Amino acid sequence: MTDVNAGNSFPQQDKFLLQVNEDPLLPIPRLNEFANGGLEAIRFQMWKDRDYLPKVTAVSLEDIDLLDCSKWQGCIPIGTIEFVEKVMKKFYHVSQIKPVNIPLALQQKRFYKRRVAYAPGVEAVRMLYDDWGVDELFVKSYSRLKTDFTGVYKKSDSSEPYASEPMLLVSEVLPMRTDRCSEWRAFVHHGKVLDIKNYSGNPWVLPDRSLVEDMAKTAGDLLKACTVDVMVTDDGETALVEVHNFISCGSYGAELPLPMYKQAFLQEVHCL
């Protein structure tokens, strides 16, 4: 096994931990998708600045426990949510990545085009069906990034897998049932859109550029590096889905600068 603590470290040197996935069907381990994008960003930065010499190693989720804290203090992990959170706990004493959801500054009807509410438990969700006069709602956790129950639920559903969740984010379901719909992820750095990628629906149905740029500028006042997810509805409306800090996000082929990876993580652990 590779020694994950090998090599020298310097106080001001950037240190990156890239997640590698063990696959029994492959002769060698392979990098996680997000980590692979991070590696390309590191390579480009090293090509652009020949004096830039970061310490980089690939490590599996399981082998994080073997890392020497004295050598990897201040490291930046790039990988899945589970990978990043495990590093956060070990080196920064931060327990989890906090969802951004829809920040208060973006809670404007011109952005999200639907009713959104925070529901303190399952009874509050049930009341929203009647209060809003709807038969279906989108439900997700308010405080956790990754759960098994995120999705659309009908009023008639007997299953409520979110019943034990103390706080939920609930919204109306916008019409997304025809080939006139699409969903996009904008990659935002300091309030500017660097790239935008289609991740669902018709790639020829484009969102309103001006509105997306307004969302990005507003989000950029809160987060140095983030993603802004938007949808185009059946009615041709561009609506905000949610915002993510730029950590463990699907990049859908976008090539993004190294400072995005660094600043997003350091902001999450309150180092910026």
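None of the figures in this text is laboratory data; all of them are computed from the coordinates on show. Here the structure is a predicted model, which means the values were calculated and not measured. Because the Cβ atoms are built from the backbone with ideal geometry, glycine has one as well, and the counts that use them run over all protein chains shown.
Once you mark the trypsin sites (Lys or Arg not before Pro) that are in a DSSP loop and have at most 14 other Cβ atoms within 10 Å, what is the longest gap between them in the chain?
Details: sites that count: R50, R115, K146, K155, R177.
Free of exposed loop sites, the longest segment is 178-272.
A straight chain from A105 to D235 at 0.36 nm per residue would run longer than the Cα-Cα distance by 44.3 nm.
In terms of overall dimensions, the chain has a Cα radius of gyration and Dmax of 20.3, 63 angstrom.
Size descriptors for segment 65-135: radius of gyration and Dmax over Cα atoms are 19.4, 57 Å.
Restricting things to Cα coordinates, could you compute the convex hull volume per residue of segment 152-195 in Å³? Before the final figure, lay out the partial values.
On the way: hull volume 6.8 nm³, N = 44.
Output value, Cα hull per residue: 155 Å³.
Counting other Cβ atoms within 10 Å as a rough exposure proxy, the listed residues C181, C69, C75, C226 run C69, C181, C75, C226 from fewest neighbours to most. With N as its number of residues, segment 192-250 has a Cα radius of gyration that, divided by 2.2 N^0.38 Å, comes to 1.10.
For segment 155-261, the Kirkwood estimate of the hydrodynamic radius, built from every pair of different alpha carbons, is 15.1 Å.
Return the calculated 222 nm mean residue ellipticity for the chain, to the nearest 500 deg cm²/dmol, obtained by summing -39500 (n - 2.57) across DSSP H runs with n ≥ 4 and dividing by the residue count. Don't jump to the answer; show the numbers that get you there.
Values: 7 runs with 65 residues, N = 272.
My calculation for the chain gives -7000 deg cm²/dmol from helical runs alone.
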